[in-house]
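Below is one structure, written out as structure tokens, with a few remarks after it.
Quick note: the coordinates plus some simple rules give every number you see, no bench work behind them. If you're wondering where the values come from, they're calculated on a predicted model, not measured in any experiment. Methodologically, a virtual Cβ is constructed for each residue, glycine included, from the backbone with ideal geometry; neighbour enumeration extends over all protein chains shown.
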Amino acid sequence: MNWLKRRVRPEQIRELSLLVLIVAAIAIFGSFIDGYYSFRTFNRIASSVAIITVVAVGQTLVVLTRNIDLSVGSIVGFTAYFVGTLIANHNGINPLLAVVIATALGAALGVVNGLIVAWGRVPAVVVTLGTLAIYRGVLVDLSGAKTVTTDSLPEWLTGLPLVNLTPIGNLDIRPLFVLALVIVVIFQFGTTYLSFARRFYAIGSNPEAAQLVGLPTKGIVFLAFVICGALAGLGGFMFLVRFGNITVEAGRGLELSVVAAVVVGGVNIFGGSGTVSGAMLGAVMIGTLEQSLFRLGISEFWLDAVLGLLILLAVGSDAVILQRLRALWGGAELKLVTKKAGSVSGEQSAPRP
Amino acid sequence: MSALDRLKGWEIMMLALLCAIVALNSIWSPYFLSVGNIVNLFQLSIEKSIVALTMALVIIGGEIDLSVASVMGLAACVMAWTFHEGAPMPLAILLALAAGVLAGLNNAFWIARVGLPSLAVTLAGLIGYRGVARIFLEDRAIGGFPDWFNTLGQQALIGPLTAAILIFFLLFILFAIILHGSAFGRLVYVVGSNVQAARYSGVRVGLVKSALFVGSAFVAALAGILYAARLGSVRGDMAEGFELDVITAVLLGGVSIFGGKGNLVGVGLSLLVILNLRNGMGLADITGNTQNNVIGGLLILSVLIPNMWQDLRDKWKGRET
């Protein structure tokens, strides 16, 4: 037991518990729905989760630094609309160039957020609440109430969601799903093993200490926002690929799903702890619930009510499990002073092991 | 610069801004200063203004309540549904308020008792309460409320003032007294500025937070009912997205998102600034969308400019010494 405790941190078990919850949810749905265990179910869930996951990875970096980016929904809509318009007007554009433009556009919007938060010392909630309105507003103003329609887009783009990369039996592996997976793997390994990326955690755990040991805190917070914007831009491109028809309302409210995924995924909303793969699991959990509940024969009107309750239960059980685990860890070998204060999440000053 | 000076500076800034906007508006449009327009200006988003009062208390207490707009929708839907099913209107209103209190108790349980972050809990509430509201109404719209109810929402009650405006002013005075003149108000500031210190000095933090969230949901439910009375009919997506406008107004009022700082005078001024700005731009034929841009920019600049000003002053002082 002690061997286990030395090598595994409570936070890692938390992700395992989320995985167990997802498996349990799938098992429950599978026992009630005929033909649930099919590749169609997988594809449906995978393509809906892919976009949320990519944006949630960026959001995770921002939340790790004890900030939040509420403008991602607007960034997704902004890039989806303008890159969509660009492609509709220049059908011959290189696909790779289109992706780069979308990502760069998102990054540029992230630069604005990052500059004001890091060097303007304005709280992230205030800044991104403002840019949430402004990015959407600029989009509506510039669009002149036009929409991007599927038939104006070239074939490679509209056909992309149905491309089958490597058929494994009947299982279709879609590009969007693979892209999301690649992003998660890159950022998971990056944030775990790169000393540079550990700075995101350092700042979120204790901003003053990070400053005192000489970390360029402002630059790192800025970078987190830029990466978040870039990934939201990429998410915008995926949004365009998936839906084809883009109005100025595209991606409105997406920030709520993204923040929900991050929170359910166990990323501490006060920074400093949580992982990219956890955020992905959060997105998978919510996506699975969303795509499966209506197949249970539950009226669509019940969906949100159940979803809200499940988010609450996921976050609640997560907190209780983690609290127990930390007590177990601290009590046995390390003899850490984790009193009441250490176990109550939701306080900024709670110590983070 | 002490915190107190800063607060005063903020209110003077908002007041100057307000005077400028009112002056410009009245020069641009001859209708601006008419009684009808002033009442209209308040009436058109009175529900958001009412909810902003409790939101200010919650944020000063160091928490946030994202679920207010969904609670507004929930209360309105419960009222419409029970009325539609044959309950008398007063009973329907009582049940709607009870639904609001229940939602608030649910928030308070998870935040104060289980100890979850309020952002996560009320985000779940935002999705969940809206979902419950949809269960009641599905995709119907229910109207046909009794005449007295519609009149209450749409007609002036005393002089040119409607019931909702009167309620807003009553609540403003009530919450100003609670926040600035009562022991509970001091506790809200203490909990908001340092929850650990508050706990060690024996403040019952859980109770304070519970009171804030139940109060917030109750007032949101009341606002939802008033909104239904003004519109004359209720739909499942009623008041969707209002939470962002409400939070914007509170933050523009100089309330710190980190808790412990801010006051209701600032929030009142910020409401006036937003209302006058929107109204003036509306009279000048500027679309709602551009209005959102301006309010969003104002929100950021209101914090950014004082910060940069202070940076400049610090730099200047550094050079002198």
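One table, with the values for the structure above:
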quantity: Shielding score for A:255-261, defined as the mean number of other chain Cβ atoms within 10 Å; calculated: 2
quantity: Global form of chain A, assessed from the alpha-carbon gyration tensor, a/c cut-off 1.5; calculated: oblate
quantity: Difference of contour (0.36 nm per residue) and Cα-Cα distance, B:D147 to B:C19; calculated: 42.2 nm
quantity: Hydrodynamic radius by Kirkwood, which averages 1/r over all alpha carbon pairs of the protein assembly as shown, in angstrom; calculated: 26.2 Å
quantity: Summed residue charge, Cβ within 12 Å of B:I165's Cβ, Lys/Arg positive, Asp/Glu negative; calculated: 0
quantity: Candidates per trypsin sites (Lys or Arg not before Pro) in the stretch A:209-260, loop by DSSP, up to 16 other Cβ within 10 Å; calculated: A:R252
quantity: Distance between modelled label sites at B:M89 and A:R40, nm, 7 Å Cα→Cβ extension; calculated: 5.0 nm
quantity: FRET efficiency, A:R7 to A:T158 (Cβ-Cβ, R0 45 Å, nearest 0.05); calculated: 0.40
quantity: Principal axis dimensions, the stretch B:39-311 - Cα atoms, whole angstrom, descending; calculated: 56, 48, 33
quantity: The stretch A:1-43 - convex hull of the alpha-carbon atoms, volume per residue in Å³; calculated: 90 Å³
quantity: Rounded tilt (10° steps) of A:124-143 against the dominant C-alpha axis of chain A; calculated: 0 degrees
quantity: Chain A: angle of helix A:303-329 to the longest principal axis, Cα-based, in degrees nearest 10; calculated: 30 degrees
quantity: Under Karplus coefficients 6.51, -1.76 and 1.60, residue-wise ³J(HN,Hα) of the stretch A:92-104 in Hz, glycine/proline x; calculated: x, 4, 5, x, 5, 4, 4, 5, 4, 4, 4, 5, 5
quantity: Rh (Kirkwood; distinct C-alpha pairs) - the stretch B:23-170, Å; calculated: 17.4 Å
quantity: In Hz, Karplus ³J(HN,Hα) per residue of the stretch A:153-159 (6.51, -1.76, 1.60; θ = phi - 60°; x = Gly, Pro); calculated: 9, x, 5, 4, 7, 5, x
quantity: Euclidean distance between Cα centres, the stretch A:234-266 to the stretch A:56-78, Å; calculated: 11 Å
quantity: ³J(HN,Hα), Karplus 6.51/-1.76/1.60, whole Hz, each residue of the stretch B:119-130, x for Gly, Pro; calculated: 4, 5, 5, 7, 5, 4, x, 3, 6, x, 5, 4
quantity: Within the stretch A:261-282: backbone nitrogen closer than 19 Å to the A:L181 label point (7 Å, Cα to C-beta); calculated: A:276-282
